[in-house]
Amino acid sequence: MTTPGPSRVTVVGASAAGLSVVEGLRREGYAGSITWIGEETHLPYDRPPLSKQLLSGAWETDRLRLRDPGDFEALGVDLRLGARAVALDARKRTIALADGGLAGYDTLVVATGTRARRLPGTDGVAGVHVLRTVEDALALREALAGKPHLVVVGGGFVGAEAAAVARGLGCEVTLVTDTAQPMGGALGDELGSMLGNVHTEHGVHIETGAMAGQVLTDGGRACGVRLADGRTIAADAVLVGIGAQPNVEWLAGSGVPVGNGVECDATLYAGFGVWAAGDVASWLDPRTQEPVRIEHRTNAAEQGLAVARNILAGPECARPFDSVPYIWSDQYDLKIQIYGRSRGADEVRIVEGSLTDRRLIALYATRGRVCAAVGVNMARALRGYRAQVAEAAVVEVESAA
Amino acid sequence: MNISIDFDKCCGAGQCVLAAPDVFDQRDDDGVVVLLHPRPSAEQEENVRQAAALCPAAVIKVEQ
């Protein structure tokens with residue numbers, strides 16, 4: 001059985017994943033209509049630099065552009081920015097927008113991403129920041145210019161990167177993390193400990209194994225953070241970096257399966273003519289048959305392209321999305337790169353370089369099989385280990401002579 | 001096809017090398033892109049377009 005090809009594709013979400021879908025469709029020869037809806041008023045921009053070059057002031061916002069403004073005209077799309085999707089009628093195939101407008105489709109791609117999680121009770125409290133949008137980053141940058149005592153809640157990528165930048169700008173910084181080390185979840189003890197030492201040497205005060213309970217306020221302004229164990233840390237500014245949650249509320253009641261993201265099959269198809277890509281997509285990993293959702297930049301681009309190709313192939317001929325995830329983090333003079341999924345590894349083996357040199361490659365394994373390769377300042381050589389991650393290679397007991 | 005690169009924005013992900021290994025390489029430590037062939041052969045063009053599409057820092061510009 002063949003189904004008629006799409007003639008009216010609507011993409012909701014105008015960041016990296018949405019861009020990749022739209023460009024992928026055109027590159028693969030799709031000539032039908034494309035409606036592209038984005039909640040933010042900006043043309044698609046890049047988020048990884050928000051906690052790095054934009055926050056430090058090394059870049060201004062125009063450097064974040066993912067494409068030149070003229071490139072969007074060439075794509076021939078009906079691009080509607082500043083338009084928030086609020087509801088989906090999957091039977092009538094219409095999307096309701098916050099301004100009262102409607103958009104139709106025969107094929108829909110959900111690329112609505114995630115939003116920063118917040119600490120309860122901090123909405124509208126002055127001096128409490130999150131870091132997800134360009135406005136968030138500029139607001140935090142402005143706050144850092146006053147050299148506050150910054151308390152960073154969360155030792156993940158965003159928190160660790162922002163702590164490094166804030167120290168570089170001369171702020172006093174305390175990092176509160178519930179793990180044993182900064183980025184301990186992704187890096188494990190050995191590399192996390194090395195990273196923790198680097199932060200400490202740069203003057204960051206680290207509270208490990210600590211849960212932030214609440215933000216303390218004085219006259220509506222953040223003045224500190226109370227930890228779950230009762231201790232308090234004074235603060236002039238607080239950055240909350242405790243993860244993100246998928247933007248799926250607008251799909252409630254539509255019949256599109258949502259839970260931790262849009263629940264897709266292995267091909268990123270959710271049924272009802274609906275596909276998903278990027279941070280919001282939860283799909284069945286073809287290797288494990290487990291649902292996975294990845295909130296990282298390269299995944300957004302890869303999934304967007306995969307969805308474009310699968311849309312044109314049709315659900316019956318669509319191919320499973322299989323990739324080696326890649327993430328990176330820049331802190332001080334360290335470039336940390338990860339291929340694969342390092343979380344939960346039961347074995348870490350340094351195969352090149354050393355912790356002392358802060359220049360190394362480590363293989364992470366689960367039950368004797370390589371699940372990730374992590375590099376610190378060895379970018380080119382690390383790429384050579386990607387194949388072992390892709391193959392889930394057996395970890396060698398003795399390295400070959 | 002003509003390739004231009006904004007080296008200053010490169011984040012060293014190496015996606016370009018995976019997509020078009022005959023056209024791109026990386027520096028050892030920081031992984032910043034090394035352009036081996038600014039004017040790649042016709043059979044490389046699709047790979048280069050793929051590299052430009054997947055580059056997470058959007059630093060590869062392709063002009064026909």
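The values are calculated or read from the model by the stated rules, or taken from the named source; none is laboratory data. Remember, predicted model here, so these are calculated numbers, not experimental data. No Cβ is skipped: glycine too gets one built from the backbone with ideal geometry, and neighbour counts run over all protein chains shown. Heads up: the accessible areas ignore ligands, DNA and RNA and are worked out on the full protein's heavy atoms, side chains in. Shrake-Rupley method; radii C 1.70, N 1.55, O 1.52, S 1.80 Å.
One table, with the values for the structure above:
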| read-out | value |
| --- | --- |
| Residue match in segment A:233-240 (condition: touching a Ser or Thr at 6+ places or on another chain (Cβ under 6 Å), touching a residue at least 40 places away in the same chain (Cβ under 8 Å) and either among the polar types (S, T, N, Q) or surrounded by 15 or more Cβ atoms within 10 Å (Cβ to Cβ) (or both)) | yes |
| In segment B:23-50, the residues that are away from chain A (no Cβ under 13 Å), aliphatic (A, V, I, L, M) and open to solvent by less than 30 Å² (accessible area, probe 1.4 Å) | B:Val23 |
| Odd one out for A:His202 among (1) out of contact with any helix residue (DSSP H, G or I) (no Cβ under 8 Å at 6 or more places or on another chain); (2) surrounded by fewer than 16 Cβ atoms within 10 Å (Cβ to Cβ) | (1) |
| Count of residues meeting criterion [in a strand (DSSP E or B), under 20 Å from A:Pro44 (Cα atoms) and open to solvent by less than 50 Å² (accessible area, probe 1.4 Å)] in segment A:104-126 | 5 |
| Some residue of segment A:334-351 being within 11 Å of chain B (Cβ to nearest Cβ), assigned to a loop (DSSP other than H, G, I, E, B) and of a type outside the set (A, V, I, L, M, F, W, C) | no |
| Qualifying residues in segment A:361-383 (those that are more than 9 Å from chain B (Cβ to nearest Cβ) and either out of contact with any helix residue (DSSP H, G or I) (no Cβ under 8 Å at 6 or more places or on another chain) or at pLDDT below 95 (or both)) - the one least open to solvent (accessible area, probe 1.4 Å) | A:Ala365 |
| Scan of segment A:202-229 for residues that are part of a loop (DSSP other than H, G, I, E, B) and hydrophobic (A, V, I, L, M, F, W, C), ordered by number | A:Val204, A:Ala210, A:Met211, A:Ala228 |
